[in-house]
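The values are calculated or read from the model by the stated rules, or taken from the named source; none is laboratory data. As the structure is a computational prediction, the values presented were derived from the model and not from experiment. Using ideal geometry, Cβ is built from the backbone for each residue, glycine included, and neighbour counts are taken over all protein chains shown.
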Amino acid sequence: MREIETLLFDLGGVLVELTGIAGMMSWSNLDEEEISHRWMHSAAVRRFESGNCTAVDFCSEMVDEFSLSTSPENFRKAFQAWPVPYPGVCELLERLSTKFRMVCLSNTNHLHWERFTTESELLSHFHITLPSHITGKMKPDPEVYYHALDVLGVHPNSIFFMDDNQLNIDAALAVGIQAELTRSPSGVIENLNEKGLLAGVDMDEKSTSS
């Protein structure tokens with residue numbers, strides 16, 4: 001097994017808290033499980049997160065698809081505020097970047113990406129970012145991992161990938177990338193520690209308290 005040189009991160013559910021389900025439940029008769037299921041299988045979500053749909057069309061489709069008791073504009077305002085970086089994440093990434101090449105591989109969209117860019121230092125801690133709305137490729141499709149390997153130019157076994165969705169983890173493993181299910185910054189630290197990857201990384205209380 002090769003030495004890990006690159007850390008590949010999902011954002012939502014790993015480094016960023018997504019707060020939207022509760023808001024959608026307040027506008028819908030659907031429960032959390034049903035909303036999550038529909039979201040994962042929504043054609044409109046896939047179009048938007050692969051850069052093939054405008055924000056106006058996406059928000060309108062969401063209101064209709066989930067029978068939300070709000071306007072598309074209100075949904076847009078709430079949706080844009082969904083992602084919130086977990087406390088201590090930027091400090092954690094900064095410390096990890098002293099040892100590893102840091103790469104982001106996220107199913108996302110331009111509204112959330114704009115929020116990350118303008119309201120947070122999160123993205124500045126990555127050497128390379130591969131957001132789905134720009135690449136046009138989405139997890140867990142195999143092509144997203146092959147594209148990442150082409151961009152990075154490294155052996156898949158020298159990458160350690162962390163994501164909160166088991167389907168995405170399984171797809172990464174299938175192409176030879178080392179990967180572990182991870183659902184919080186503390187999970188990031190735990191997984192890295194279990195693989196012996198924190199040696200030589202200066203970890204203080206702030207970066208390990210999330």
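When Phe100 is tested against the conditions (1) assigned by TED's automatic domain parsing to the domain that holds Val201; (2) touching a helix residue (DSSP H, G or I) at 6+ places or on another chain (Cβ under 7 Å); (3) of a type outside the set (Val, Ile, Thr); (4) surrounded by fewer than 21 Cβ atoms within 10 Å (Cβ to Cβ), the lone failure is (2). Confirm whether Asp164 is in contact (Cβ under 8 Å) with a residue 24 or more places away in the chain and closer than 30 Å to Ser42 by Cβ. Yes; evaluated as a whole, the condition is true for this residue.
Would you confirm whether or not the stretch 116-123 contains a residue that is of a type in the set (A, V, I, L, M), closer than 24 Å to Pro87 by Cβ and touching a Pro at 6+ places or on another chain (Cβ under 6 Å)? There is at least one residue in the stretch 116-123 that is of a type in the set (A, V, I, L, M), closer than 24 Å to Pro87 by Cβ and touching a Pro at 6+ places or on another chain (Cβ under 6 Å).
Against the numbered list (1) under 19 Å from the mean Cα position of the chain (by Cα); (2) within 19 Å of Arg183 (Cβ to Cβ), Glu33 comes up short only at (1).
Working carefully through the options Thr117, Thr129, find the one that is under 25 Å from Gly88 (Cα atoms), polar (S, T, N, Q) and in a helix (DSSP H, G or I).
Values: Thr129 fails: in a helix (DSSP H, G or I).
Exactly one residue qualifies, and that residue is Thr117.
Put simply, of Ala55, Ala44 the only residue that is modelled with pLDDT of 95 or more, touching a Lys or Arg at 6+ places or on another chain (Cβ under 7 Å) and farther than 25 Å from Ile159 by Cα is Ala55. Within the stretch 6-64, the set of residues being under 26 Å from Gln166 (Cβ atoms) and acidic (Asp, Glu) comprises Asp10, Glu17, Asp31, Glu32, Glu33, Glu34, Glu49. The number of residues in the stretch 32-51 being assigned to a loop (DSSP other than H, G, I, E, B) and surrounded by 11 or more Cβ atoms within 10 Å (Cβ to Cβ) comes to 3.
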